[in-house]
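Trainee: Got a structure for you, written out below as structure tokens; questions coming shortly.
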Amino acid sequence: QVQLGESGGGLVQAGGSLRLSCAASGRTFSTYAMGWFRQAPGKEREFVAAITWSCAGTYYADSVKGRFTISRDNAKNTVYLQMNSLKPEETGVYYCASRPWLVSRDGDEYNYWGQGTQVTVSS
């Protein structure tokens, strides 16, 4: 069982930056792939970024490549999402999720989810 808790959301102006954190419980965190997803009002959840359990691979949605960076610290059971050059259309609730071993861009393949953190980007 893994429990996840996001933090770091807030209100930021367009072009600004935020760093989201996701703290995980459980001794097997280092064997879990981690992902970030977001859901804008009235829209479906979408993939943002993912990282393998070993940090060997990172994956991004095309829309965030070059602006967002996912990382993790297995010693701290935490995964991060550094978001730069934010755009108003990226407003939404950001969720972290985990699944054993294999990374995926499909949210339905993740077993555990956090409660989400609100990110609001003003124009």
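Trainee: What number goes with the only condition from (1) farther than 15 Å from PRO100 by Cβ; (2) open to solvent by less than 30 Å² (accessible area, probe 1.4 Å) that GLY9 does not pass?
Mentor: So GLY9 meets the others, but not (2).
Trainee: Would you check which residues across the range 17-34 are open to solvent by 20 Å² or more (accessible area, probe 1.4 Å) and not hydroxyl-bearing (Ser, Thr, Tyr) and list them? Spell out how you get there, then give the answer.
Mentor: Narrowing the range 17-34 to residues open to solvent by 20 Å² or more (accessible area, probe 1.4 Å): 17-19, 21, 23, 25-28, 30-32.
Within the range 17-34, LEU18, ARG19, ALA23, GLY26, ARG27 meet the criteria.
Trainee: Something else now. Considering each residue of the range 90-123, count those that are surrounded by 14 or more Cβ atoms within 10 Å (Cβ to Cβ), out of contact with any Ser or Thr (no Cβ under 9 Å at 6 or more places or on another chain) and among the charged types (D, E, K, R), and give that number.
Mentor: Final tally of qualifying residues: 2.
Trainee: What residue, among those in the range 35-88 that are over 23 Å from ALA14 (Cβ atoms), within 11 Å of the chain's Cα centre (by Cα) and among the small types (Gly, Ala, Ser), is most open to solvent (accessible area, probe 1.4 Å)?
Mentor: Per the criteria, the residue is SER71.
The values are calculated or read from the model by the stated rules, or taken from the named source; none is laboratory data. This structure is a prediction, so every number in the text was calculated from the model and none was measured. Cβ atoms come from the backbone with ideal geometry, glycine included; neighbour counts cover every protein chain shown. Quick note on the areas: whole protein, heavy atoms, side chains included, nothing else; ligands and nucleic acids left out. Shrake-Rupley method; radii C 1.70, N 1.55, O 1.52, S 1.80 Å.
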